[in-house]
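Since the structure comes first, as structure tokens, the remarks are kept for the end.
Each reported figure results from applying straightforward, stated rules to the coordinates on display, with no laboratory input. Bear in mind that the values here come from a model prediction, so they are computed numbers and not experimental data. Cβ coordinates were reconstructed from backbone atoms using ideal geometry, including for glycine residues, and neighbour counts include every protein chain displayed.
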């Protein structure tokens with residue numbers, strides 16, 4: 001079952017997309033570094049940072065990404081948006097989320 005799960009949800013990135021996705025995620029981490037937990041988010045900032053860092057490591061080592069985990073983070077009213085709203089960077093989040101959605105649609 002684990003093999004099937006990885007086959008469906010872990011996608012190999014095209015070389016041209018890896019750098020762009022890493023850049024988006026690193027920008028998100030910069031905002032998270034200055035953020036506090038949101039009572040509306042189901043994940044604490046530290047958990048969100050850990051998840052993103054783990055995925056960055058996966059990308060850099062294998063050129064793969066866990067699509068479901070990233071899509072979850074960037075969903076409306078999901079952890080990143082709730083944390084962004086709580087900490088005053090929702091406009092920046094919306095721009096990053098738009099870049100993420102556009103990028104994932106094209107390259108993953």
> Does the stretch 15-40 hold any residues that are within 15 Å of residue 60 (Cβ to Cβ) and in contact (Cβ under 8 Å) with a residue 40 or more places away in the chain, and which are they?
Replying inline: 15, 17, 18, 20, 21, 24
>> I'd like to know if the stretch 70-87 contains one or more residues that are without any contact (Cβ under 8 Å) to a residue 24 or more places away in the chain, surrounded by 14 or more Cβ atoms within 10 Å (Cβ to Cβ) and over 17 Å from residue 44 (Cβ atoms).
In response: no
> From the residues in the stretch 78-105 that are touching a helix residue (DSSP H, G or I) at 6+ places or on another chain (Cβ under 9 Å) and outside any helix (DSSP H, G or I), which one is farthest from residue 27 (Cα to Cα)?
Replying inline: 78
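I'd like the full set of residues that are assigned to a helix (DSSP H, G or I) and either farther than 15 Å from residue 23 by Cβ or in contact with a helix residue (DSSP H, G or I) (Cβ under 6 Å, 6 or more places away or on another chain) (or both), limited to the stretch 67-77. Reasoning before the result, please.
Restricting attention to the stretch 67-77, the residues satisfying the condition of being assigned to a helix (DSSP H, G or I) are 67-74.
Once the filter is applied, which keeps residues that are assigned to a helix (DSSP H, G or I) and either farther than 15 Å from residue 23 by Cβ or in contact with a helix residue (DSSP H, G or I) (Cβ under 6 Å, 6 or more places away or on another chain) (or both), the stretch 67-77 yields 67, 68, 69, 71, 72, 73, 74.
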>> I need a count of the residues in the stretch 57-66 that are surrounded by 15 or more Cβ atoms within 10 Å (Cβ to Cβ) and part of a helix (DSSP H, G or I).
In response: 2
